[in-house]
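Every number here is computed from the coordinates shown, using simple stated rules; none is lab data. The structure displayed is predicted, hence computed values, not measured ones. Counting neighbours? That spans all protein chains shown, and the Cβs are built from the backbone with ideal geometry, glycine included.
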Ligand SMILES: Nc1ncnc2c1ncn2[C@@H]1O[C@H](COP(=O)(O)OP(=O)(O)O)[C@@H](O)[C@H]1O
Ligand SMILES: [Mg+2]
């Protein structure tokens with residue numbers, strides 16, 4: 001469903017003629033198709049402007065870049081990657097033969113925030129997010145890597161937002177309104193039993209989010 | 001130089017206007033301070049009604065901001081209390097009738113003549129809120145013990161922090177100790193746990209507030225009102241005194257002790 005929105009946003013107001021790049025929302029994520037014989041500076045500019053206009057709407061999205069005829073040089077692709085990274089998107093390994101292959105996003109990047117994340121506040125980051133404080137109901141944390149909250153996590157947390165199924169969400173007190181890992185979404189059970197008074201970790205097992213005491217990590 | 005304090009909440013109907021009227025009156029009456037209360041709820045003014053001063057309005061905040069009158073012409077002196085003034089809001093205009101810059105200027109001007117300038121903020125996080133906080137040095141956030149009100153208060157704390165307010169203070173209004181005890185109402189600990197800001201005071205649910213609001217006589221001046229007592233304590237805290245949280249009969253002592261500790265006070269072993 002999200003992909004439909006992507007297409008609508010991207011194509012709204014775009015004249016279909018002579019665009020050096022076309023950005024498409026697909027089931028896997030976003031595909032950027034670079035047209036034959038287009039000038040790289042134009043390509044860069046158009047991609048930048050489109051992403052700029054969409055705010056951080058695409059943060060965490062997987063991106064595939066296809067160059068028709070493969071006419072982009074490696075350093076040009078690197079520049080594109082840089083732009084995408086700045087918008088919180090990650091380049092994916094592509095399956096199509098005409099597509100260059102890029103490394104997976106770097107998970108060693110860490111954002112450490114020493115504060116309470118309050119209702120209405122959103123943290124989006126390409127990498128791992130560590131909160132030294134609470135994340136309150138109505139807040140959102142989206143990370144392509146892991147999410148670690150050293151206080152109480154009461155808001156929404158989305159780890160592995162670019163598709164990393166090995167990402168985890170850990171909290172000193174895990175009381176989220178909703179958890180997401182990669183593209184799996186879970187809510188806490190309706191019957192609110194007493195939440196355990198110890199740190200917990202959420203991770204994907206067989207495509208289901210399971211929550212375990214932090215000790216189980218060892 | 002005076003201090004500008006905005007009283008705000010996010011959610012409507014939680015007691016901003018009641019709190020502004022009572023703290024303003026209390027600071028003038030008990031603190032002997034020169035106080036002006038500014039109604040920033042343009043279009044939905046009612047601080048004047050709560051103060052019983054409605055029939056004396058000639059000019060209002062919008063007139064002052066737009067240079068239609070002098071500051072002094074719009075200020076209404078409350079004859080019952082020395083040193084207490086009201087700057088009414090306009091009722092026939094909306095929040096866009098003044099800009100945050102104009103509000104800042106107005107506050108800066110008032111600061112020269114008054115010790116405390118209390119701004120009664122409208123509900124919401126839009127223009128009216130931005131106007132209300134524009135000239136403020138400090139903020140008081142009012143919430144009731146309801147999940148939705150606390151959620152909105154949290155949003156407001158976030159916005160205030162982002163605007164550079166350092167330590168907003170919390171007022172919990174309409175607490176019903178009996179309900180808390182039964183587990184039917186959020187308790188003070190739950191709220192402070194989430195909001196992580198310092199408590200200025202807790203006002204119990206009190207019928208006298210309704211009566212005093214209708215009569216235009218702030219409860220803070222009524223020695224027999226429990227809510228009035230809570231407001232008097234808050235006034236003392238604003239003036240820098242260490243006043244323990246009002247013991248509410250139905251709270252266990254350990255709870256009061258926790259609050260005392262929260263204020264950095266010694267727990268009495270009595
Ligand atoms: N502690 C209280 N006990 C009983 N009623 C209260 C109390 N505080 C406020 N009220 C009532 O709640 C209503 C809303 O209060 P008000 O101060 O106008 O809220 P706001 O300015 O935030 O919209 C008023 O009718 C008021 O009399
Ligand atoms: Mg009001």
Checklist outcome for this item: Within segment B:1-55, restricting to residues that are surrounded by fewer than 19 Cβ atoms within 10 Å (Cβ to Cβ) and within 12 Å of ligand 2 (Cβ to nearest atom), the one that is farthest from the chain's Cα centre (by Cα) is B:43
Checklist entry - How many residues does segment B:145-185 hold that are under 19 Å from residue B:23 (Cβ atoms) and either more than 14 Å from chain A (Cβ to nearest Cβ) or surrounded by fewer than 20 Cβ atoms within 10 Å (Cβ to Cβ) (or both)? => result 8
Item to check | Positions within segment B:186-219 being buried (at least 19 other Cβ atoms within 10 Å of the Cβ) and within 14 Å of chain A (Cβ to nearest Cβ), in sequence order | outcome: B:186, B:191, B:194, B:195, B:197
Checklist entry - With (1) more than 12 Å from ligand 2 (Cβ to nearest atom); (2) within 17 Å of residue B:217 (Cα to Cα) as the list, and residue B:104 as the residue in question, which single condition is left unmet? => result (2)
Checklist outcome for this item: Heads up, the helices (runs of 4 or more DSSP H) in segment B:1-90 (entirely inside) with at least 2 residues that are away from ligand 1 (no atom under 16 Å from the Cβ) and touching a residue at least 40 places away in the same chain (Cβ under 8 Å) are B:16-29, B:61-65
